[in-house]
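Below you'll find the structure, written out as structure tokens, and then a few comments.
What follows draws every value from the coordinates through simple rules; no lab data is involved. Values in this document were obtained by computation on a predicted structure and should not be read as measured data. No Cβ is skipped: glycine too gets one built from the backbone with ideal geometry, and neighbour counts run over all protein chains shown.
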Amino acid sequence: MDLNYTKEEQAFRTEVRQWLKETLPRELREKVRLGKRLAKADMELWHSLLNARGWLAPNWPQAYGGCEWNAVQRHIFEEEACLVHAPRSLPFGLSMLAPVLLAFGSEDQRQRFLPRILNGQHWWCQGYSEPGAGSDLAAVKTRAVREGDHYVVNGQKTWTTLGQHANWIFCLVRTDPDAKKQEGISFLLIDMQTPGVTVRPIVLIDGEPEVNEVFFENVRVPAENLVGEENKGWTYAKYLLTHERTNIAGVGFSNALLTTLKHVAGRVKSGGQLLAENPHFAARMAQAEIDLMAMATTNLRVVSAAAKGQAPGAESSMLKVKGTVIRQELTSLLRRAMGPDALPFQPDFLDGGSNAAALGPDHAAAAAPTYFNMRKLSIFGGSNEVQRTIITKAILGL
Amino acid sequence: MDFNLTEERAMLRDTLRRFLADKYSHENRRALIASSEPYDAEIYAELAELGVLGAMFREDQDGFGGEGFDLMVVFEEVGRAGVIEPVLPAVLAGGLIAALGNDRQRELVDEIIAGTHVAALAQGEAGARYDLNHVETTAVADGDAIVLNGIKTHVLYGAGAQTLVASARETGAAADMAGISLFLVPVNTPGVTVNGHRNMDGIPSATVTLDGVRLTDAARLGAAGEGLDALEAAVARGLTAICAEALGAMEAAKDLTISYLKERKQFGMPIGKFQALQHRMADMLIEVEQARSAVINLAGNLDQPRDVRKIHASAAKNLIGRAGALVAEECIQMHGGIGMTDEYALSHFARRLTMIDHLFGDSDYHLERFIALKAG
């Protein structure tokens, strides 16, 4: 048992910290720090900066332009990036699709798609959930019928995050309606410029159209865009989900939230007393911090096992449940800390479209929207109920 | 002991529920929130006609209600339908005018009851958080005039009101209990600037700047420097209203969720068949019933001596804050993604429930006040 990072890991941390200090644009950092909404151009800028340094694809092999970082290095990078309020890089191409292409795609597909993820030419989104297939993902109904050298796709996807910015979508489609539900699914890559693809934004509880419905009406997709074998898509989908669950604990994000919360509690007063000195509020903050300290180590236990080659299994479900509960609690505390200043809805300020100062102190404008937005954490990527069922079966053996 | 409503209150509840079910669709409400109108004037006039505003006042104030249970009955329906229109100002500012006003000032109450005038309470300030006694806005005599200077924040329905009931300090330091007066300020008085916005839950609000606002002595509501007690009493009535409103929103959110658990199928069966969700729904029902009892306790003790009233106000607001968070979060979670969409009513109930916790003291604030009152 040794809780210390190795010398190499510490040197890596220093290198990352220095680079972030030199590279992260101030304006971008301020947007993230204040919980403002990032525009498409903001996200593209951050990707291009990471790509210029060769750090955009932490988990890819170097042969394809990746860093080949192990799980501990990735963890260090995420921790440092969150600490200085760097944007997150978008996972859809980088850590969802790419691992599937690397494991199951053809070499042609890797050569065609991976470089375009890095250079920003392709913005990917995820076509998994459907109105009737949420927690029960294998119930997907979107049909793909083979006609010569094309698939013709008809159906609907939903909850497609940032699909309004995307030009490519990876989809789970049903290719064999007669097989058992997990066995008739294929993994298909679809160019969203193809006639018949329609995107409709969905405004969420925080007032932002973060997710979309994507409709497919007789969309002709070249057969070469099938990943792996027909009807084997469920295997690839599950593989993707385990990759999605790396960093699922969100420890870095929670640390950044805790920093912001302490900053606010050290400035906002209730009844003449700073919140940080109010025994009741301080106790709640301390409890969240204690939970987070333990979570950081629980996360590292899983991460370091993964760095030694053991694939994270049902343990990632544990990280997801507890990690999201802690993160949600922190956003709840931040909202409460703001008192009545959490009330106003200030979309112009949050969009950065207005130079007008926000009502209330720093962090007030985003406090309630962020709290509401983060309710999604326990819903997406396999709801916390689904994760508990996985734990029940895979770890408890019940 | 009788937990049944009087015939009159039951009739008001039924009429109001029918009217809102008929007229107040979620789509209309969303369109209203997206518009620049603070509220729907036509609906408001109809609510006045139904007697909703009259029920906020006692008979000797020209109303026909005014008791805690009148507030409870009306606001439970307000919460169930997510009403945006300014019923709460009638309780807060309207209640203060009725309680403290001289004959001339009380003429406004008749207009409020008729739905032709909105008076908004302007008590909030940047440094005050939830403390009513924290007043930095000043009221200084200048010859025959009284001059107000300061910024009032989070003035609910400030956009759309014709009159403000503003707290201002005549003597003492920022957080002193004495020295606070209340003033009737027509919004068209020179020096008054109302900057409107909407809150997260769609309720119109405003920041009001009072810059050398010259009033006459006739604008003072009640005795000079003695406004705090009346303000606290009016806010206790306001707390009854918003606690009952939260109760209605909880009932509505719970009903939506029960229906969804029965309809939504995953893994080949309605998700309501999963015991993991059934037990959580049962816990929610228990909490909502507890919330109802807390509102009843407050409504029934509203006219008790000050400390008794305050204990029940804090108990109810604390419990409602906790139950409201539970219901909002659990209903969203059990719905999944659909519960987070603006198109679906649940997210609106969740927003209202959450924002009610940020009005007139959150669950933490009232827990501390409860402890202090019990210790005293």
Inter-chain shielding metric for B:190-197, i.e. average beta-carbon neighbours from other chains within 10 angstrom, reads 1
Using only alpha carbon pairs under 8 Å that are at least six residues apart, calculate the relative contact order of chain A and give it in whole percent. 15 percent
Which pairs in the list A:LYS36/A:LYS376; A:LYS320/B:LYS254; A:LYS7/A:LYS322; B:LYS310/B:LYS374 are over 20 Å apart, alpha-carbon to alpha-carbon? A:LYS320/B:LYS254; A:LYS7/A:LYS322
Shielding by partners for A:270-282, please: the mean number of other protein chain Cβ atoms within 10 Å of each residue's Cβ. 3
Compactness of chain A, expressed as Rg and Dmax over alpha-carbon positions, Å: 21.7, 75
Each residue of the stretch B:62-73 in order: what ³J(HN,Hα) in whole Hz does its phi give by Karplus 6.51 cos²θ - 1.76 cosθ + 1.60, θ = phi - 60°, with x for Gly and Pro? 6, x, 9, x, x, 8, x, 6, 5, 4, 4, 4
Let me have the 222 nm mean residue ellipticity of chain A computed from DSSP H runs of 4+ only, each contributing -39500 (n - 2.57), with the sum over all residues rounded to the nearest 500. -13500 deg cm²/dmol
For chain B, take N as its residue count and report Rg(C-alpha) divided by 2.2 N^0.38 Å. 1.00
Could you tell me which of the pairs B:LYS23/B:LYS273; A:LYS269/B:LYS317; A:LYS157/A:LYS180 are separated by over 23 angstrom between their Cα atoms in the structure shown? B:LYS23/B:LYS273
Rg/Rg_globular for the stretch A:159-295, with Rg_globular taken as 2.2 N^0.38 Å and Rg from C-alpha atoms: 1.60
Bins of 20 Å, starting at 0 and running to the largest distance - Cα pair percent for the protein assembly as shown: 15, 45, 29, 10, 0
Ratio of Rg to Rh over the stretch A:86-129 (Cα coordinates, Kirkwood Rh, two decimals): 0.98
Packing-based order for B:29-41, B:248-260, B:91-103, using average beta carbon neighbours within 10 Å, highest first: B:91-103, B:248-260, B:29-41
For the stretch A:17-134, inverting the pair-averaged 1/r of distinct alpha-carbon atoms gives a Kirkwood value in Å of 15.3 Å
If you line up the long axis of helix B:227-263 against the longest principal axis of chain B, both from Cα atoms, how many degrees apart are they, to the nearest 10? 20 degrees
Only helices counted: for chain B, with every DSSP H run of 4 or more residues adding -39500 (n - 2.57) and the sum spread over all residues, [θ] at 222 nm is -17000 deg cm²/dmol
